[in-house]
């Protein structure tokens, strides 16, 4: 028997390119198997406030100071938020919105199968759980339903073995388990006592042309140079300003402007450095697709560059969250694209010029098929 309706619980409404696009990727991946897929529109008030509040007074002093440094780009930040909301509401198949975990019970019998993932929904240290205890993770572990539960590409990021033990009783209620990283899949499998598949991030299950069609349909026109390099950084103002001269160096080496997307940083703009912070998810896809080269410290910045066939350098220090990028690059036989940081990226460009496009066709095909087969198995009952 093939199950026909799917309810997905994930971080679908964060103002974060990867979160929104992985939610859409998961939705599309299940729809390709002939079922109807919906995103359960769970938006806790705390999460909503985290992304909608421009100046967060309830966080650390360091966070507030960084937020205040962005006063001069308030209009761009508001436009970015508007583009995120429009994309979320137009591209995702959303249920009625609920803010309280206790209200999720209304969806307990709405679907044949419930999917947890992808993204860092198993990571207690993610921004979405900031200031919360382990109970905040319960909705993402599908505790509101007794129907068939599976996970897809869920990531505990860098949680320790002891931390993951907190959620083992909930994971044992799942029919099938999968994780985005190999080490996470192995650890979860060991702790739960049954296999946990290592599957692809859902954004890689959607082909480049499909992403282009989505972007063409949804993106606003942005006033960007015809020819540019993209630097996409998740660093704050202090680090971005420390590295600013190196961004300018990239512009000089390539003889073209740099579009800088650094949502958490203020920086001066000029003919060499163009601000791309106002991009929403659709604009983000377009900007990567049309860049001459991408330099990024972002997981999904790396994945979209690879998927769209844009030359890229992925900055990784080999520790912490960087290991997530490293694992997928090794898996796609693209580890030559790893550089330690922006200084190494500059040295690479000085020495070798723009990197060649990484042909991931062969390694991607095998892992993509494995991941699609996993999804197909979740629907067989």
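The values are calculated or read from the model by the stated rules, or taken from the named source; none is laboratory data. Keep in mind that what you see is a predicted model, and the values were worked out from it rather than measured. Counting neighbours? That spans all protein chains shown, and the Cβs are built from the backbone with ideal geometry, glycine included.
Here are some notes:
- The number of residues in the range 323-338 that are outside any helix (DSSP H, G or I), in contact with a strand residue (DSSP E or B) (Cβ under 8 Å, 6 or more places away or on another chain) and either within 12 Å of residue 360 (Cβ to Cβ) or in contact (Cβ under 8 Å) with a residue 40 or more places away in the chain (or both) comes to 0.
- Considered as a group, the residues in the range 198-227 that are crowded, with 20+ Cβ neighbours inside 10 Å and touching a strand residue (DSSP E or B) at 6+ places or on another chain (Cβ under 8 Å) include one that is farthest from residue 161 (Cα to Cα), and that residue is 199.
- Matching entry among 60, 19, 38 (being more than 24 Å from residue 278 (Cα to Cα), surrounded by 13 or more Cβ atoms within 10 Å (Cβ to Cβ) and not assigned by TED's automatic domain parsing to the domain that holds residue 238): 38
- Summed over the range 298-331, residues that are crowded, with 21+ Cβ neighbours inside 10 Å and more than 14 Å from residue 208 (Cβ to Cβ) total 13.
- Only residues that are assigned to a loop (DSSP other than H, G, I, E, B) and modelled with pLDDT of 95 or more were counted across the range 147-165, and they come to 3.
- Long-range neighbours under 8 Å by Cβ, at least six apart or interchain, first residue free of Cβ contacts under 8 Å to residues at least 24 places away in the same chain within the range 284-308, second crowded, with 24+ Cβ neighbours inside 10 Å and part of a helix (DSSP H, G or I): 305/288
Here is a yes/no grid of residues against (1) within 16 Å of the chain's Cα centre (by Cα); (2) buried (at least 20 other Cβ atoms within 10 Å of the Cβ); (3) within 22 Å of residue 102 (Cα to Cα); (4) not assigned by TED's automatic domain parsing to the domain that holds residue 325:
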| position | (1), (2), (3), (4) |
| --- | --- |
| 122 | yes, yes, yes, yes |
| 133 | no, no, yes, yes |
| 140 | no, yes, yes, yes |
| 143 | no, no, yes, yes |
| 153 | yes, yes, no, yes |
| 157 | yes, no, no, yes |
| 173 | no, no, yes, yes |
